[in-house]
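Quick notes on the structure that follows.
The values are calculated or read from the model by the stated rules, or taken from the named source; none is laboratory data. Treat the numbers as computed from the prediction; the structure is a model and nothing was measured. Methodologically, a virtual Cβ is constructed for each residue, glycine included, from the backbone with ideal geometry; neighbour enumeration extends over all protein chains shown. Calculation scope for accessible area: heavy atoms of the full protein, side chains included, ligands and nucleic acids excluded. Shrake-Rupley method; radii C 1.70, N 1.55, O 1.52, S 1.80 Å.
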Amino acid sequence: MALLEVKDLRVGFKTDDGYVNAVNGLSYSVDSGSTLGIVGESGSGKSVNALTIMRLIPIPPGRIEAGTITLRGQNLLIKSEPEMRRIRGKDIAMIFQDPMTSLNPVLTVGDQISEAVQLHLKLNKKDALVKTVDMLRVVRIPLPEKRVKEYPHQLSGGMRQRIMIAMALSCDPDVLIADEPTTALDVTIQAQIIDLMNEMQARLGSAIILITHDLGVVAETCQNVLVMYAGNMVEYGSATQIFAEPRHPYTMGLLSSLPRLDQKDQTRLVPIEGQPPNMLRLPKGCTFAPRCKYRMPICDQPVPLYDFGDGHTARCFLYDARTEGERTLKVETRPQVPNSVAAVPEAAK
């Protein structure tokens, strides 16, 4: 059984302009000791998915319409708020995107870490402070005995991110959600943060959900990759499958828009044309169709998942037997279509 499993999750928000479907039927799972990378453009629903797992979606205006989120077989969506407070930080922890807005500016970083330690580990104030200093040392913050008494504004961006990691890992969580943990950090600090997360995972055996725009970080750290677009998964597979044999045109577009050090003759990047869809008025059928160079009339219908074996799936009619004739009319750079591809039954999503 997977440690964390999300099934058919649907989340929306009521706005002045109408109802926004932020997450539309998302399903995936994460095992202990593994890292799942979730990638996609801004607005694809990555962070909403993470906040829903933590039950931090503001209700109202947000609303969890359907689905289940199970941790070790327990559905988190039916837990009361007091029960979730006991789960947050101890069983599931989150590194937020911007530590400066996530940390309390009027409390020392030591007080903020100690609060979680006292609550979940039932330590007294003195022992909690010792644990806090140890955690700062673990995340390689110099002079931890001094830093524990400092405020967030006194620390650099890299140190604040390390503080967030120390806080998230202080109670040895089973699942760590990292929402853009390397955003706005220079390359050297990014590498140190990723190495630190890998070390913590090796020590604790935690499952990590890494939300990022950086496909280089995904390739280096993740065993599995989930590609999101317009609130749902368009492709899922191992990192090797996603980078070596991408199946969905959107995934191919993401990879084609990156510079390649192994291609000396590459003179320009290939952008994905168009804009992400308006989440208030999503297209019928495939949400990527308006931007897709392989678009066909059948793309206006709901798209099933197609299974390529070994856990690799994608939502695209290019792999449907009904489109064989239309595929032959496409350009020669079309995706290579395997001889036998089966659609995943709706009940198995």
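Let's see how each residue does on (1) at pLDDT 85 or above; (2) closer than 26 Å to residue 219 by Cα; (3) touching a Ser or Thr at 6+ places or on another chain (Cβ under 7 Å):
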| residue | (1), (2), (3) |
| --- | --- |
| 251 | yes, yes, no |
| 254 | yes, yes, no |
| 266 | no, yes, no |
| 270 | no, yes, yes |
| 308 | yes, yes, no |
| 335 | no, yes, no |
| 339 | no, no, no |
| 343 | no, no, no |
| 349 | no, yes, yes |
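When residue 9 is evaluated against the numbered criteria (1) part of a loop (DSSP other than H, G, I, E, B); (2) of a type outside the set (Asp, Glu); (3) surrounded by 20 or more Cβ atoms within 10 Å (Cβ to Cβ), which criterion, by number, is the only one it fails?
Of the numbered conditions (1) part of a loop (DSSP other than H, G, I, E, B); (2) of a type outside the set (Asp, Glu); (3) surrounded by 20 or more Cβ atoms within 10 Å (Cβ to Cβ), the odd one out for residue 9 is (1).
Looking only at residues in segment 202-213 that are surrounded by fewer than 19 Cβ atoms within 10 Å (Cβ to Cβ) and either touching a strand residue (DSSP E or B) at 6+ places or on another chain (Cβ under 9 Å) or among the basic types (Lys, Arg) (or both), which one is farthest from residue 134 (Cα to Cα)?
If we take residues in segment 202-213 being surrounded by fewer than 19 Cβ atoms within 10 Å (Cβ to Cβ) and either touching a strand residue (DSSP E or B) at 6+ places or on another chain (Cβ under 9 Å) or among the basic types (Lys, Arg) (or both), then 213 is farthest from residue 134 (Cα to Cα).
Would you check which residues across segment 298-315 are buried (at least 19 other Cβ atoms within 10 Å of the Cβ), among the β-branched types (Val, Ile, Thr) and in a helix (DSSP H, G or I) and list them?
Across segment 298-315, there are no qualifying residues.
Quick one: what pairs do we get from segment 269-294, first residue more than 15 Å from residue 235 (Cβ to Cβ), second assigned to a helix (DSSP H, G or I) and basic (Lys, Arg), C-beta under 8 Å, 6+ apart or different chains?
273/291; 274/291; 275/291
Could you list, in sequence order, all residues of segment 116-140 that are farther than 24 Å from residue 85 by Cα and at pLDDT below 85?
Within segment 116-140, 138, 139, 140 qualify.
Restricting attention to segment 247-258, which residues are farther than 17 Å from residue 295 by Cα and either part of a loop (DSSP other than H, G, I, E, B) or open to solvent by 40 Å² or more (accessible area, probe 1.4 Å) (or both)?
256, 257, 258
Tell me yes or no: at least one residue of segment 222-240 is surrounded by fewer than 21 Cβ atoms within 10 Å (Cβ to Cβ), at negative phi and at pLDDT below 90.
So far as segment 222-240 goes, no, none of its residues is surrounded by fewer than 21 Cβ atoms within 10 Å (Cβ to Cβ), at negative phi and at pLDDT below 90.
For segment 18-97, give me every one of the strands (runs of 3 or more DSSP E) that falls completely inside it and has 3 or more residues that are among the β-branched types (Val, Ile, Thr) and in contact with a helix residue (DSSP H, G or I) (Cβ under 7 Å, 6 or more places away or on another chain).
Answer list for segment 18-97: 35-39, 62-71.
Let me confirm something: among 322, 295, which residue is part of a helix (DSSP H, G or I) and either modelled with pLDDT of 85 or more or open to solvent by 80 Å² or more (accessible area, probe 1.4 Å) (or both)?
Sole residue among the options that is part of a helix (DSSP H, G or I) and either modelled with pLDDT of 85 or more or open to solvent by 80 Å² or more (accessible area, probe 1.4 Å) (or both): 322.
For the subset of segment 78-108 comprising residues that are more than 18 Å from the chain's Cα centre (by Cα), touching a residue at least 60 places away in the same chain (Cβ under 8 Å) and open to solvent by 70 Å² or more (accessible area, probe 1.4 Å), which member is nearest to residue 50 (Cα to Cα)?
Across segment 78-108, the extreme among qualifying residues is 90.
Could you check segment 156-210 and list, in sequence order, the residues that are modelled with pLDDT of 85 or more and under 20 Å from residue 5 (Cα atoms)?
173, 174, 175, 176, 177, 178, 179, 207, 208, 209, 210 - these are the residues of segment 156-210 that are modelled with pLDDT of 85 or more and under 20 Å from residue 5 (Cα atoms).
Does any residue of segment 165-173 turn out to be open to solvent by 10 Å² or more (accessible area, probe 1.4 Å) and farther than 21 Å from residue 108 by Cα?
For segment 165-173, residues open to solvent by 10 Å² or more (accessible area, probe 1.4 Å) and farther than 21 Å from residue 108 by Cα: present.
Here are some residues: 28, 19. Which one is of a type outside the set (A, V, I, L, M, F, W, C), open to solvent by 20 Å² or more (accessible area, probe 1.4 Å) and touching a Phe, Trp or Tyr at 6+ places or on another chain (Cβ under 9 Å)?
19
Collect the residues in segment 116-128 that are surrounded by fewer than 17 Cβ atoms within 10 Å (Cβ to Cβ), in a helix (DSSP H, G or I) and touching a helix residue (DSSP H, G or I) at 6+ places or on another chain (Cβ under 9 Å), keeping them in residue-number order.
119, 121, 125, 127
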